[in-house]
Amino acid sequence: MTTHGCKVCRVLDDRGLGHLEAELVDRWHGEADDTDGRMGYRRLADWLNARMLRAEMETVGMATRGEEAVSRYERLTADDAAVAAEVRDLLVDGGVRVDSLLDDFVSYSVVRTHLTDCLAEHRETTTTTTDWPDSRIAQLESYAASEASDVIRRLVAAEDVIAGDDPEVVATVELRCPACETTVPFDEVPRGEPFCDCNE
Ligand SMILES: [Zn+2]
Ligand SMILES: [Zn+2]
């Protein structure tokens, strides 16, 4: 890793959004005011990306009342290319640098790396030693992904696996109910309530 840490570190720094760090951690731990419970890495990535878009819209003077930025973000990243193109044009007309924004959008695995590796390093240098079970699982996922990534990189180099120069490797711990086979990624398992109908 560079002195810049991960992509989340760089993007927050470049965009002057360092103040979002604390809120990101609060949301991860389910301590933000406006959410019900903990947010998984996918939702955290979407939240962060939408905040980046909102900051950019504010900079160019576009309206960001209510959930405007969130709904623009959802349409900008929609699977429907026509919908995405329409929002994109609208943002470009408003002066938003959409290409650089899309480059800076973060994936869920980067958010996980940031929260587990970058902030864990930071925690060690402060004196807080709280060891959340969540961080433990996340560290294991991160470790498995990085080990698997070495293996896959070799397969890619040998052109045994054709997946571009640097495919992203994702390892997710999931909980499965043996009865109904409901399967939920660990970081999205609800707390204090059953995660499938059989356990109610
Ligand atoms: Zn980071
Ligand atoms: Zn079940």
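The values are calculated or read from the model by the stated rules, or taken from the named source; none is laboratory data. Quick caveat: nothing in here was measured; it's all calculated off a predicted structure. FYI the Cβ positions are ideal-geometry reconstructions off the backbone, even for glycines, and counts take in every protein chain you see. Protein only, heavy atoms only, side chains kept; ligands, DNA and RNA dropped before computing areas. Shrake-Rupley method; radii C 1.70, N 1.55, O 1.52, S 1.80 Å.
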Percent accessible area from carbon and sulfur atoms, the range 7-108, protein chains only, probe 1.4 Å: 45 percent
Would you mind checking which residues have amide H under 5 Å from Leu175's amide H? H placed 1.01 Å from N; only 5 or more apart, or other chain. Val184, Phe186
Structure-based [θ]222 nm, the chain - -39500 (n - 2.57) summed over DSSP H runs of at least 4, per residue, nearest 500: -16000 deg cm²/dmol
For the range 7-108, what is the convex hull (Cα atoms) projected area averaged across all directions, in square nanometres? 6.4 nm²
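May I ask you to derive the relative contact order of the chain, considering only C-alpha pairs under 8 Å and at least 6 residues apart, and to give it as an integer percent?
Once normalised by length, the contact order is 18 percent.
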To the nearest 20 debye, what charge dipole does the chain have about its Cα centre, counting +1 at the Cβ of each Lys and Arg and -1 at the Cβ of each Asp and Glu? 300 debye
Mean Cα-pair separation over length for the range 7-108, i.e. relative contact order, pairs under 8 Å, 6 or more apart, %: 26 percent
Given a 1.4 angstrom probe, what's the average accessible area per residue across the chain, in square angstrom? 59 Å²
In units of 2.2 N^0.38 Å, what is the alpha-carbon radius of gyration of the chain? 1.14
